[in-house]
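Asks: Sharing a structure with you now.
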Amino acid sequence: GAGVSQSPSNKVTEKGKDVELRCDPISGHTALYWYRQSLGQGLEFLIYFQGNSAPDKSGLPSDRFSAERTGGSVSTLTIQRTQQEDSAVYLCASSLKGTGVYTEAFFGQGTRLTVV
Amino acid sequence: AQRVTQPEKLLSVFKGAPVELKCNYSYSGSPELFWYVQYSRQRLQLLLRHISRESIKGFTADLNKGETSFHLKKPFAQEEDSAMYYCALSHQGAQKLVFGQGTRLTINP
């Protein structure tokens with residue numbers, strides 16, 4: 001595809017349920033990032049992948065959050081036992097390598113998660 | 001720790017007026033700074049980066065290490081500039097972007 005693709009676009013789930021959010025990065029991009037965009041909170045870094053490994057997962061807010069990446073491509077962010085405070089837009093981005101000076105991060109359209 | 005502060009959540013100016021979106025950062029090393037923009041119903045996208053010293057859509061931003069600032073400026077605002085603007089910081093070892101809270105810019109006709 002031409003850009004970073006995320007699915008679903010919108011997800012409404014009941015409190016306590018598990019959800020999976022998917023990200024398809026741009027082909028050939030080795031770096032992949034997950035961010036969370038909450039109202040009035042800006043973009044909060046969650047996790048960074050280089051290939052299939054995650055050298056920086058410092059932003060994951062709790063052990064209910066996990067992510068994996070397979071084949072150096074698709075990534076899945078899983079939230080277990082969702083809480084209302086998990087409601088946000090989850091953004092995925094990819095870049096050719098890391099976020100060096102000449103390396104642009106390309107963002108997906110996001111998944112809007114609503115926990116009711 | 002790296003931190004980016006955008007003190008204005010909302011900024012409203014009239015078409016044709018100058019606009020300045022403020023960004024301050026805290027980082028002890030040599031930062032790499034960026035401005036990202038999100039237009040209505042569109043994806044977040046890179047606007048400009050400090051190392052390129054470029055002007056994009058009439059916008060410029062100068063890194064001031066003494067004041068630890070990277071303010072975004074445009075001399076004559078246009079209605080199509082209305083969007084959410086995010087200042088972001090990175091450095092060679094971090095491999096991630098740290099974003100500010102964003103400023104919603106509205107250009108009034």
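Asks: A:LYS15: which lysines have alpha carbons under 27 Å from its alpha carbon, excluding same-chain residues fewer than 8 sequence positions away?
Replies: Filter leaves A:LYS57.
Asks: Let me ask something else about it. Counting other Cβ atoms within 10 Å, which chymotrypsin sites (Phe, Trp or Tyr not before Pro) in the stretch B:1-44 have at most 13 and lie in a DSSP loop?
Replies: Sparse-neighbourhood loop chymotrypsin sites (Phe, Trp or Tyr not before Pro): B:TYR39.
Asks: Please compute the net charge surrounding A:ARG69, taking Lys and Arg as +1 and Asp and Glu as -1 over other residues with Cβ under 14 Å from its Cβ.
Replies: Once all neighbours under 14 Å are counted, the net charge is -2.
Asks: Within the stretch A:11-30, name every residue whose backbone N is under 17 Å away from a label modeled 7 Å from Cα of A:GLU85 along the Cβ vector.
Replies: What the label zone holds, given the 17 Å backbone N cut-off, is A:15-17.
Asks: DSSP loop (so not H, G, I, E, B), at most 15 other Cβ within 10 Å: list which trypsin sites (Lys or Arg not before Pro) in the stretch A:1-38 pass both filters.
Replies: A:LYS15, A:LYS17
Asks: Got a number for carbon plus sulfur as a percent of the stretch B:1-96's accessible area, 1.4 Å probe?
Replies: Ligands and nucleic acids excluded, carbon and sulfur give 49 percent.
Asks: Can you check what the net charge comes to around B:SER82, using other residues whose Cβ is under 14 Å from the Cβ of B:SER82 (Lys, Arg +1; Asp, Glu -1)?
Replies: +2
Asks: What is the total of Lys pairs in the stretch B:3-108 with C-alpha atoms under 19 Å apart, excluding same-chain pairs fewer than 8 positions apart?
Replies: Within the stretch B:3-108, the lysine pair count is 13.
Asks: Which of B:GLY58, B:THR103, B:VAL13 sits closest to the plus end of the dipole of the stretch B:3-108, meaning its Cα is farthest towards the positive end, when Lys and Arg get +1 and Asp and Glu get -1 on the C-beta?
Replies: The listed residue farthest towards the positive side: B:THR103.
Asks: Next question. Charges only on Cβ, +1 for Lys and Arg, -1 for Asp and Glu: so what's the dipole of the stretch A:21-98 about the Cα centre, in debye to the nearest 20?
Replies: Charge dipole, the stretch A:21-98, about its Cα centre: 120 debye, nearest 20.
Asks: With solvent modelled as a 1.4 Å probe, how much accessible area in total do chains B and A shield from it at their shared surface, in Å² to the nearest 100?
Replies: Result for this pair: about 1900 Å² buried.
Asks: Let me check I've understood the local charge: for A:TYR48, count other residues with C-beta under 14 angstrom from its C-beta, Lys and Arg +1, Asp and Glu -1. What total comes out?
Replies: With Lys, Arg at +1 and Asp, Glu at -1, the net is +2.
Asks: Considering only DSSP states other than H, G, I, E and B, which GluC sites (Glu not before Pro) in the stretch B:20-109 qualify as loop sites with at most 16 other Cβ atoms within 10 Å?
Replies: Here the sparse-neighbourhood loop sites are B:GLU54, B:GLU67.
Asks: Given 10 Å bins starting at zero, what is the percent of C-alpha pairs of the protein assembly as shown in each, up to the one with the largest pair distance?
Replies: With 10 Å bins starting at 0, P(r) equals 8, 33, 35, 19, 5, 0.
Asks: So, in nm, how far is label A:THR78 from label A:SER7 when the simple model puts each one 7 Å beyond its Cα toward the Cβ?
Replies: With each label placed 7 Å out from Cα toward Cβ, I get 1.9 nm.
The values are calculated or read from the model by the stated rules, or taken from the named source; none is laboratory data. In this text, all values refer to a predicted model and were calculated from it rather than measured experimentally. Cβ coordinates were reconstructed from backbone atoms using ideal geometry, including for glycine residues, and neighbour counts include every protein chain displayed. Quick note on the areas: whole protein, heavy atoms, side chains included, nothing else; ligands and nucleic acids left out. Shrake-Rupley method; radii C 1.70, N 1.55, O 1.52, S 1.80 Å.
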